[in-house]
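Bear in mind that the values in this text are calculations on the coordinates, not laboratory data. Remember, it's a predicted structure, so these values are computed and weren't measured experimentally. Cβ: placed from backbone, ideal geometry, glycine included. Neighbour counts: every protein chain shown.
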Amino acid sequence: MRLSTHLFRGLAPLIFALNAIFFSPPAAADFVVDDIRVEGAQNIEVGTIFNYLPVKVGDVADEDLIDQSIKALFATGFFQDVEIRRQENVLIVIVAERPAIAGVDYSGNKDIDDEAIETALAQVGVTEGRIFREPLLEQLVQAIEERYFAKGRYSAKVDAVVTPVDLNRVAISLTIDEGRVARIREINIVGNEIFSDKELRSEISLGEERWHSFLSQTGRYSKEELLADVEALRSFYLDRGYMNFELLSSDVTISQNKQDIFITFSLREGDQFTVGSIDVEGGGGFSASDLLDLISMPAGQPFSQTDLVASRSAIESKLADHGYAFANVNAITDIDEAAHRVDFVFAVDPGPLVYVRQISISGNQATLDEVIRREMRQLESSVFSAEKLRRSRERIARLGFFEDVNIDLTAVPGSIDQVDLAVVVKERATGNFMFGAGYDDSDGLFVIAEVHRGNLFGTGRELNVAAELSKVDQTFDIEYRNPYHTAAGISRAFFINREKIDTDSVTTADYTSETTGGGVRYGIPMSEYNALSFSAAVEEILLQSTTSTPPEYRSFIDRYPDNLNLNFSTGFSKDTRDSIFFPRRGFFRRIAAEVGIPGSDLEYYKVTARGSWYQQLVGRLTLNVRGDVGYGDGYGDLQELPFFKNYYAGGASSVRGFESRSLGPTSTGADVSPLGGGIRTVANVEMFFPVFGLEEGNDKRLSLFADSGQVFSSSSDFDLGEVRISVGAGFHWFSPVGPISLTMAQPLNDEAGDDVKRVQFTLGSLLR
């Protein structure tokens, strides 16, 4: 480190001493101070100096008081020298200020961002306007270099230059040479006999430098990773029964040029132990057999520390779900060294049965407390339940009104059996006006305008007015929904809609229709996860054919050009997904039926069953399996399902790799077009995983998938051999302008006449 100092700062003490000897006597003792005058202050306010002085006007100044004053001013750290003199009854304070910092600039940092450097400057106190002292600069250099050391850059150097500027200030310049990241040249494991070096190295994250290290970052050293690897080795042995395993040392040495690192793990494996007998004592009202079922430690198998921790957690969670919030489970071991066996006694201390005293809600500026409280499954003055607490948080989060939901638990002071809950939410905007455009694989470009209020006046009610224009659809919808029409959670929605369809520009057969309707919809919760819904709607449908309408459609339109129908729909669903936006576990199942009731111009029915199952495997790797089966037909005088109610398959929402709605029966006219059908079967398997480099993000993900599906005219045409299969990969992004998906799929059994589309892109979603 190089320091450039000003000549005056070096001579200041000498000047003050000569001034005191030849020009003014020191302050005499025992006089009444009529006035105090400060000389030499440049950057520090005189008032600030007065605040630190223990002597005031009117005080009797003596030798001790003056000595205290000098020490007090020195103690501030603002001054290089302080002198106090007397001129008659005036106390003269002469100071030589330390220079102030005019500014700090730095260069050369790449591996550490500017924010980290600024944080180091602030922590040490080397910032603009602060008093400069050489020891602080040394601390700053050390703090920055330590940050580089933590990243494995042991040859990093920081050169600090201090340059005097005007007004008794200094400018500080930091030149950073980050050096080269020290690479792990060799990792040695000593003392292992049961497991090979290769097996143990596969358990640790640190690795030796390889030829591809410039791409994979293999070989970089990190102290945090070393500590994690020590625990990884310990866990590896403990999970395989080696209870007496010892990691004797983890030595790290660095070469003289600070470029190469050598790591040596020294360990003692010990003997392998198996699980013997297991017993449970205590239990908070649960029998020993009930709690034994929660223990995942098979007798005769090698002991596993992970299984032990999981067993303890399972028992504690079981007790917490039934009111014992502070339950504690200790595993008492009886080790038989000769037989290499260990017996366990799980001592269960349930603690007191805990009750919830009160629940407070904060963070909801627009949302009424009632909207949040009615989603709570954990109630005040009731027995605490960890399961109900988890479910309460899930239900509040699923409202979609909040960016974040936390429920904090605190013990009531002076009580051992009461807790308070604090629900803390962070609201998101739930009302918006949207105007934009998007692209859908099936309907192409579309324009959309929507006024949506998802939390109307903070009541949780919803109002939605939407209009959409695409080459296929022109729709206008209004819906008002009250999710709590009754206190029991029955929802009610009123809706009206107007829709005009023209399929001339898409792959399906041509026709036009105009539909005007409205109705009411109810949702009835049957249990915590089950719900029943039904709706009744009246609609008028006007059908027209075009010059290219196929015969299959034309005959129906000629018979039923103008229809007035009363439709009834019902559905039963079960939803245990942890999120409606990014589910990682749980399932969704729904069976629904739609009927044109007797007396309508069109008497038909449709039955659809859908299911989707999510399972988080490792980290953020999520498996999704889903299926969709539908069947429809006419009844009474109508011996067929109305063609505009047909099922379709193919495209981004069903079987990727095939053109949207292209699978199934086709027309017999001059222009062959997909007709849809009365039976549909679709199945998908998809694996979601994070985008590489963006593992912490929740808005982007990649997937690998396999799709299958087909549409048939009727049950007599059903043939599993006709089911189409495809495989592929996709990128999915919940962007600010709507959900975006880009998929590439390869059909595995396409046949002549199939409309293959390997790359499919969707932006936004149609409001249907």
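Fully extending the segment from THR306 to GLN142, taken as 0.36 nm per residue of separation minus the present Cα-Cα distance, adds 55.0 nm.
Listed by chain and number, the lysines whose C-alpha is less than 23 Å from the C-alpha of LYS700, apart from same-chain residues fewer than 8 away, are LYS426. Quick one, which of (1) 125, 75, 63; (2) 89, 57, 51; (3) 80, 62, 60 is the actual Cα extents along the principal axes in Å calculated for this model? Correct label, based on the coordinates given: (1).
When ARG585, ARG481 are sorted by how many other C-beta atoms sit within 10 angstrom of their C-beta, beginning with the fewest, the order is ARG585, ARG481.
Extension gain, LEU748-ALA75: 0.36 nm per intervening residue step, less the Cα-Cα distance, totals 234.0 nm. When MET243, MET687, MET526 are arranged by Cβ crowding within 10 Å, least crowded first, meaning fewest neighbours, the order is MET526, MET687, MET243. Here is the link list: LYS151/LYS198; LYS606/LYS645; LYS110/LYS151. Which ones come out longer than 18 Å on Cα distance? Listed pairs above 18 Å: LYS151/LYS198. If R0 is 56 Å, the Cβ-Cβ spacing of SER173 and GLN616 corresponds to a FRET efficiency of close to 0.65.
For the chain, what relative contact order do you get, as a whole percent, if you take Cα pairs closer than 8 Å and at least 6 residues apart?
Values: 1785 pairs, mean separation 39.3, N = 768.
Reported relative contact order: 5 percent.
Note on region 431-763: Kirkwood radius taken over Cα pairs, Stokes-Einstein applied at 25 °C and 0.890 mPa s, translational D equal to 114 µm² s⁻¹.
Amide H to amide H, with H built 1.01 Å from N, TYR106 comes under 5 Å of LEU174, counting only residues 5 or more places away or on other chains.
Segment GLN87..SER255, full-extension length gain: 53.9 nm, with 0.36 nm per residue of separation and the alpha-carbon distance subtracted. Each of the peptides 392-401, 674-683 was scored by the mean count of other Cβ atoms within 10 Å over its residues; in descending order, highest first, they stand as 674-683, 392-401. Annotation: lysines with alpha-carbon distance below 16 angstrom to LYS388 (same-chain offsets under eight excluded): LYS318.
Approximating the spin labels as points 7 Å out from Cα along Cα→Cβ, the GLU224-to-ASP562 distance works out to 7.4 nm. How big is D, in µm² s⁻¹, for region 355-427 by Stokes-Einstein at 25 °C and 0.890 mPa s if Rh is the Kirkwood radius over C-alpha pairs? My calculation gives 198 µm²/s for D. When the charge dipole of the chain is built from unit charges on Cβ atoms (+1 for Lys and Arg, -1 for Asp and Glu) and taken about the Cα centre, the candidate among ILE172, PHE718, VAL472 whose Cα reaches farthest toward its positive end is VAL472.
Computed from Cα atoms alone, the Kirkwood hydrodynamic radius reported for region 93-149 is 12.4 Å. Looking only at region 566-598, which residues have a backbone nitrogen under 11 Å from a spot 7 Å from the Cα of ILE496 in the C-beta direction? The answer is none, because no backbone nitrogen lies closer than 11 Å to the label point. The ranking of LYS198, LYS471 from fewest to most other beta carbons within 10 Å of each one's beta carbon is LYS198, LYS471. By definition, a body whose alpha carbon gyration tensor gives a ≥ b ≥ c is prolate when a/c is 1.5 or more and a/b is larger than b/c, and region 477-564 fits this prolate description.
When the chymotrypsin sites (Phe, Trp or Tyr not before Pro) in region 496-584 are filtered for DSSP coil states and for at most 13 other beta-carbon atoms within 10 Å of their beta-carbon, the remaining sites are PHE581. On the beta carbon distance between LEU469 and GLU115, with R0 = 51 Å, the FRET formula returns roughly 0.65. Local charge for VAL682 was computed over the other residues whose Cβ lies under 12 Å away, with Lys and Arg +1 and Asp and Glu -1, and equals +3.
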